[in-house]
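Beneath this line is the structure, given in structure tokens, with notes to follow.
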């Protein structure tokens, strides 16, 4: 089975020097899709709910601002986990707007950035968004391979303070990555309109995972209407068309993505089978060769071979393959989980418990964290007998 590549979770933003390309109105086929289940609207993306305003004006919140300063006081009020803090949980189930993140006390890094920016702007702070350049992070869901990126933000009371990011009293980098990779970050500045586009693209990819093609189309359409300079939303639009069976429009969308990022392995990998299905076999071969040069070992390569070895009962080979994939992507929970299952088959219970604990620690979804923690508790009980 072939897996399409969608790009999800605050995807990688393009270089600020990329030229803005002319509009491509021929990318849309509205008649091929029904209306969205809910309005596709970002007008209230940063809007504070009445509950958020009440919290902002509460005595505990205002006291933190007075004693710690606006930037540090805001972060402590939102994220310090004390009785008066929000006790937010990292959850990548779907991308929330500011009010939803506050209501649910949970969100992925995009949601947390949006909510923090909403509070900061209400307090008169200057907000700068950043694309964080990390190693590619992959996951999969519903027949889709999902490529994740990461954003953070910088807070300052005055615009001129943003020139002094190294001074913690004047500007503060705020990052919600649930591991230590952000300590080794390189960043690119993002405009707020790019954050909005990323949010729209996230919603499109999330709808794709749920099989809601109509919703996915309208969110992807909105993400590309601003003529984004990066490939991600066009790639997602292509996946939507391909899932609907409109290969000609899928080809157009993937080519639009490649106009913006000619070396996008995701768009190239998606384009190749579309060209084959359309009878453009020679061009498909050329695209396959380009992908092989750019990405000689595709995502999940060792993992898929490891699953095959596991199901064939070759647990030593499976362990070797899963360990290679864990080394490539140490922050993806499914790799740790399968390695734990393999180690159990080999009778290495203590090592299996360690991998299962890592699976729980690296999971970005509340439901899977609960599942891993339950399995881990069961293993611990067995070890106590």
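The values are calculated or read from the model by the stated rules, or taken from the named source; none is laboratory data. Remember, predicted model here, so these are calculated numbers, not experimental data. Glycine also receives a Cβ, built like all others from the backbone with ideal geometry; neighbour counts cover every protein chain displayed.
So, residue 379, is that one more than 24 Å from residue 89 (Cα to Cα) and either assigned to a helix (DSSP H, G or I) or modelled with pLDDT under 80 (or both) or not? Here the answer is yes, as residue 379 does meet what is asked.
Being in contact with a helix residue (DSSP H, G or I) (Cβ under 7 Å, 6 or more places away or on another chain) and within 28 Å of residue 261 (Cα to Cα) is not true of residue 315. Among the residues of segment 324-347, just one is assigned to a helix (DSSP H, G or I) and touching a strand residue (DSSP E or B) at 6+ places or on another chain (Cβ under 8 Å), namely 334.
Would you call residue 275 within 30 Å of residue 324 (Cβ to Cβ) and crowded, with 17+ Cβ neighbours inside 10 Å? Answer is no for this residue.
Based on what the data block shows, is residue 35 free of Cβ contacts under 8 Å to residues at least 40 places away in the same chain and in a loop (DSSP other than H, G, I, E, B)? In short, no.
Looking at segment 228-266, which of the residues that are in a helix (DSSP H, G or I) and without any contact (Cβ under 8 Å) to a residue 24 or more places away in the chain is nearest to residue 203 (Cα to Cα)? Among them, the one singled out is 254. Give the residue that is farthest from residue 270 (Cα to Cα), with candidates limited to residues of segment 307-325 that are within 25 Å of the chain's Cα centre (by Cα) and surrounded by 20 or more Cβ atoms within 10 Å (Cβ to Cβ). For segment 307-325, the residue satisfying everything is 322. Within the span defined as segment 215-227, every residue fails to be closer than 26 Å to residue 130 by Cα, under 19 Å from the mean Cα position of the chain (by Cα) and not in a helix (DSSP H, G or I). Of everything listed in (1) over 24 Å from residue 150 (Cβ atoms); (2) out of contact with any helix residue (DSSP H, G or I) (no Cβ under 8 Å at 6 or more places or on another chain); (3) surrounded by 18 or more Cβ atoms within 10 Å (Cβ to Cβ), the single unmet condition for residue 286 is (3). Number of residues in segment 211-233 that are at pLDDT below 90 and over 20 Å from residue 46 (Cβ atoms): the value is 5.
Meeting the requirement of 2 or more residues that are over 30 Å from residue 265 (Cβ atoms), at pLDDT below 90 and touching a strand residue (DSSP E or B) at 6+ places or on another chain (Cβ under 9 Å), the strands (runs of 3 or more DSSP E) wholly within segment 73-164 are 151-156. Annotation note: of 342, 349, the sole residue that is in contact (Cβ under 8 Å) with a residue 24 or more places away in the chain and buried (at least 20 other Cβ atoms within 10 Å of the Cβ) is 342.
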